[in-house]
């Protein structure tokens with residue numbers, strides 16, 4: 001019998017691999033010059049897709065003991081997938097798939113799966129207590145193609161039956177993975193094979209739900225007449241059969257198979273412009289499982305499934321193209337108004353903000369992305385600016401030691417530049433810190449970028465790095481200056497959307513304007529939102545409690561998914577910052593601070609003058625940083 005309190009909704013067992021998608025749409029795979037890396041493999045995609053649809057999913061399989069295997073594990077974990085039984089295979093490499101998008105009908109792909117890790121699954125990997133911890137087991141067909149993985153799947157199905165789990169099969173027929181075509185022919189979707197038909201039919205009785213395209217039911221039923229094939233499948237199982245009929249939608253067959261399609265109710269799909277059909281089936285399965293496992297009607301389950309598939313075919317990639325629960329629900333409320341999901345601003349923003357990989361409830365950021373100020377310090381001290389990269393490495397050391405002492409795990413960050421801080425960026429990347437990088441030319445007004453075109457910069461940035469753009473802005477700057485700055489910030493915003501990087505927009509009132517009323521900050525935020533700019537983060541100077549309340553109301557209205565606001569320092573004395581922290585104490589949208597010279601200014605000046613050594617510098621910076629963390633925690637205890 002099934003446990004009364006299952007820990008998981010569904011365990012997925014089958015293929016998990018890394019997908020490399022060509023970024024040159026329209027090019028032959030032979031001519032592709034760059035690739036985007038994604039989580040892939042049918043079962044890996046379904047585990048991911050169901051998790052972001054709100055189900056508690058688990059992935060049962062194997063990955064290699066290398067970078068690609070760790071990537072898959074971390075991607076699943078970030079989505080909330082349970083990976084306790086995603087085993088690390090010490091002797092096999094993670095499977096890879098190379099894919100291209102030539103046109104709407106041509107999607108070349110090559111499976112690199114020779115003795116790959118996920119095909120190393122054996123019955124000994126199947127643990128009864130793990131299977132019994134779930135409400136359902138979802139299998140994809142590739143693992144029925146090899147004796148060892150087949151034996152593992154059958155063991156899991158036997159356990160599932162004993163414990164009363166629901167069972168589902170996505171036929172997922174790939175002839176190349178059954179050895180029916182040349183290794184380079186991953187694109188072919190159907191080749192007749194009596195052997196494959198017999199091997200599939202031998203296991204159909206295990207399942208409560210079987211899902212496939214018409215071609216996949218052809219192989220399962222042994223006939224290229226879809227209704228005849230479905231009738232043969234029905235002889236082997238009483239499972240609910242869901243047959244996907246392309247753009248028409250899908251058909252759910254719970255009992256006898258009709259003699260004519262006119263007798264079968266079609267659950268219609270959503271019409272969209274197709275970019276890439278690869279992975280649409282996994283998205284369909286994810287949406288269908290959401291409805292099925294939540295005991296919703298087949299009509300509703302098929303709405304989820306068809307819409308998930310529609311969104312994925314309009315986007316690049318598979319797993320990263322899958323919609324989250326919030327995104328899908330929004331889309332289903334207005335499908336008639338969204339003929340091009342890939343062009344819908346609201347939907348794309350929802351996809352961007354609901355698929356973020358890390359949660360930041362609070363941030364205490366040490367900002368040392370300064371360039372001009374440190375150059376001035378070095379010149380005044382008579383020191384060579386070549387010392388600045390070494391100085392910044394010492395500042396990073398101080399930041400790390402302070403974060404460890406203050407218990408800032410998951411709440412620590414730095415702002416560092418590429419001009420003098422590239423070694424610090426290299427050293428801290430991949431360690432779970434929030435990392436921001438400036439793109440503005442220091443002191444420029446109107447705004448200019450330090451290293452030219454933003455798009456050409458971001459292509460070389462790690463995905464975890466946040467684009468920080470400081471703009472001196474004022475409503476009284478004049479139409480020409482405001483328009484010039486608006487156009488550049490819009491370009492930065494669009495580039496971040498394209499690349500997937502987060503954006504922190506730092507606003508400081510233009511110093512050449514006499515009127516420095518803090519109300520202008522709210523006017524500027526409203527202005528940028530009106531332009532369609534929705535940065536992930538704002539960085540603002542300390543404001544009054546009343547202004548923070550007004551800012552909070554504005555963010556809740558314009559972008560409730562905004563990460564929040566960080567307080568900047570402007571080289572203010574500690575007591576001034578302490579008062580600023582206190583004013584923001586009851587402002588939930590203020591998530592912390594990003595302060596620099598108040599922490600490093602005086603110690604760095606003395607270090608450049610040769611008055612203190614490395615250890616004294618680190619000690620003083622740590623004390624200053626710790627003081628600000630203490631001030632923040634006084635008004636906003638860690639939650």
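Within the stretch 331-354, the set of residues being in a loop (DSSP other than H, G, I, E, B) and in contact with a helix residue (DSSP H, G or I) (Cβ under 7 Å, 6 or more places away or on another chain) comprises 338 only. Please determine whether any residue of the stretch 239-248 is over 15 Å from residue 302 (Cβ atoms) and modelled with pLDDT of 95 or more. Yes: the stretch 239-248 contains one or more residues that are over 15 Å from residue 302 (Cβ atoms) and modelled with pLDDT of 95 or more.
Residue under question is residue 565, and the condition is that it be within 20 Å of residue 633 (Cα to Cα) and either under 33 Å from the mean Cα position of the chain (by Cα) or part of a helix (DSSP H, G or I) (or both); does it hold?
Numbers: within 20 Å of residue 633 (Cα to Cα): yes; either under 33 Å from the mean Cα position of the chain (by Cα) or part of a helix (DSSP H, G or I) (or both): yes.
When the stated conditions are applied, residue 565 passes them.
Scanning the stretch 261-295 for residues that are loosely packed, with under 13 Cβ neighbours inside 10 Å and modelled with pLDDT of 95 or more yields one hit, 295.
Here the condition is being closer than 21 Å to residue 309 by Cα, at pLDDT below 95 and surrounded by 13 or more Cβ atoms within 10 Å (Cβ to Cβ); of 338, 353, it holds for 338 alone. Please work out if residue 569 is touching a residue at least 60 places away in the same chain (Cβ under 8 Å), within 20 Å of residue 473 (Cβ to Cβ) and surrounded by fewer than 15 Cβ atoms within 10 Å (Cβ to Cβ). It is false that residue 569 is touching a residue at least 60 places away in the same chain (Cβ under 8 Å), within 20 Å of residue 473 (Cβ to Cβ) and surrounded by fewer than 15 Cβ atoms within 10 Å (Cβ to Cβ). The conditions of being surrounded by 14 or more Cβ atoms within 10 Å (Cβ to Cβ) and part of a strand (DSSP E or B) are met by residue 470.
Here is a yes/no grid of residues against (1) surrounded by fewer than 23 Cβ atoms within 10 Å (Cβ to Cβ); (2) modelled with pLDDT under 90:
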site	(1), (2)
302	no, no
316	yes, yes
330	yes, no
344	yes, no
348	yes, no
370	no, no
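Look at the stretch 389-407 and say how many of its residues are over 15 Å from residue 427 (Cβ atoms) and either in contact with a strand residue (DSSP E or B) (Cβ under 6 Å, 6 or more places away or on another chain) or buried (at least 23 other Cβ atoms within 10 Å of the Cβ) (or both). Qualifying residue count, the stretch 389-407: 1. Identify all residues within the stretch 57-88 that are under 13 Å from the mean Cα position of the chain (by Cα) and touching a residue at least 40 places away in the same chain (Cβ under 8 Å); write none if there are none. Scanning the stretch 57-88 gives 71, 72, 75, 78.
Picking from 154, 169, which residue would you name as being surrounded by fewer than 22 Cβ atoms within 10 Å (Cβ to Cβ), farther than 15 Å from residue 61 by Cβ and touching a residue at least 12 places away in the same chain (Cβ under 8 Å)? Lay out the reasoning, then the answer.
Numbers: 169 fails: surrounded by fewer than 22 Cβ atoms within 10 Å (Cβ to Cβ).
Result of the check over 154, 169: 154.
The single condition among (1) part of a helix (DSSP H, G or I); (2) more than 22 Å from the chain's Cα centre (by Cα); (3) free of Cβ contacts under 8 Å to residues at least 40 places away in the same chain that residue 295 does not satisfy is (1). Of the set (1) assigned to a loop (DSSP other than H, G, I, E, B); (2) within 28 Å of residue 243 (Cβ to Cβ); (3) within 32 Å of the chain's Cα centre (by Cα), all apply to residue 91 but (2).
When you scan the stretch 591-610, do you find a residue that is assigned by TED's automatic domain parsing to the domain that holds residue 413, part of a loop (DSSP other than H, G, I, E, B), surrounded by 18 or more Cβ atoms within 10 Å (Cβ to Cβ) and touching a residue at least 12 places away in the same chain (Cβ under 8 Å), even just one?
Just the residues of the stretch 591-610 that are assigned by TED's automatic domain parsing to the domain that holds residue 413, to begin with: 591-610.
Cutting the leftovers down to part of a loop (DSSP other than H, G, I, E, B) gives us 596, 609-610.
Now restrict to residues that are surrounded by 18 or more Cβ atoms within 10 Å (Cβ to Cβ): 596.
Those still in the list that are touching a residue at least 12 places away in the same chain (Cβ under 8 Å) too: 596.
Yes: the stretch 591-610 contains one or more residues that are assigned by TED's automatic domain parsing to the domain that holds residue 413, part of a loop (DSSP other than H, G, I, E, B), surrounded by 18 or more Cβ atoms within 10 Å (Cβ to Cβ) and touching a residue at least 12 places away in the same chain (Cβ under 8 Å).
Inspect all residues belonging to the stretch 129-138 and state whether any of them is buried (at least 24 other Cβ atoms within 10 Å of the Cβ), part of a helix (DSSP H, G or I) and in contact with a helix residue (DSSP H, G or I) (Cβ under 6 Å, 6 or more places away or on another chain). Checking the stretch 129-138: at least one residue is buried (at least 24 other Cβ atoms within 10 Å of the Cβ), part of a helix (DSSP H, G or I) and in contact with a helix residue (DSSP H, G or I) (Cβ under 6 Å, 6 or more places away or on another chain).
So that you can scan it fast, the table gives a plain yes or no per residue for (1) over 27 Å from the mean Cα position of the chain (by Cα); (2) free of Cβ contacts under 8 Å to residues at least 60 places away in the same chain:
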residue: 399; (1), (2): yes, no
residue: 403; (1), (2): no, yes
residue: 407; (1), (2): no, no
residue: 428; (1), (2): no, yes
residue: 433; (1), (2): no, yes
residue: 453; (1), (2): no, yes
residue: 473; (1), (2): yes, yes
residue: 476; (1), (2): yes, yes
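Determine, yes or no, whether residue 7 is more than 30 Å from residue 158 (Cα to Cα) and either crowded, with 24+ Cβ neighbours inside 10 Å or at pLDDT below 95 (or both).
So residue 7 fails the test.
Could you pull out the residue among 149, 167 that is assigned to a helix (DSSP H, G or I), under 31 Å from the mean Cα position of the chain (by Cα) and over 17 Å from residue 219 (Cβ atoms)? Let's see the steps before the verdict.
Values: 167 fails: assigned to a helix (DSSP H, G or I).
Among 149, 167, only 149 is assigned to a helix (DSSP H, G or I), under 31 Å from the mean Cα position of the chain (by Cα) and over 17 Å from residue 219 (Cβ atoms).
Filtered by the rule that a residue be part of a loop (DSSP other than H, G, I, E, B) and buried (at least 21 other Cβ atoms within 10 Å of the Cβ), the stretch 172-196 gives 172, 173, 174, 186.
Name the strands (runs of 3 or more DSSP E) wholly inside the stretch 227-273 in which the number of residues that are touching a residue at least 40 places away in the same chain (Cβ under 8 Å) is 2 or more.
Here the list reads 240-244, 249-253.
Of everything listed in (1) assigned to a helix (DSSP H, G or I); (2) touching a helix residue (DSSP H, G or I) at 6+ places or on another chain (Cβ under 8 Å); (3) in the same structural domain as residue 620 (by TED's automatic domain parsing); (4) closer than 24 Å to residue 434 by Cβ, the single unmet condition for residue 390 is (2). Restricting attention to the stretch 525-559, the residues that are assigned to a helix (DSSP H, G or I) and crowded, with 18+ Cβ neighbours inside 10 Å total 6.
Does residue 54 satisfy the criteria of being assigned to a loop (DSSP other than H, G, I, E, B), surrounded by fewer than 24 Cβ atoms within 10 Å (Cβ to Cβ) and without any contact (Cβ under 8 Å) to a residue 40 or more places away in the chain?
In short, no.
Taking the criterion of being touching a helix residue (DSSP H, G or I) at 6+ places or on another chain (Cβ under 7 Å), modelled with pLDDT of 95 or more and more than 12 Å from residue 177 (Cβ to Cβ), the residues of the stretch 99-128 that qualify are 117, 121, 122, 123, 125, 126, 128.
The values are calculated or read from the model by the stated rules, or taken from the named source; none is laboratory data. Note that the structure is a prediction, hence the values are computed from the model and not measured. Backbone-built Cβ (ideal geometry, glycine too); neighbour counts: all protein chains shown.
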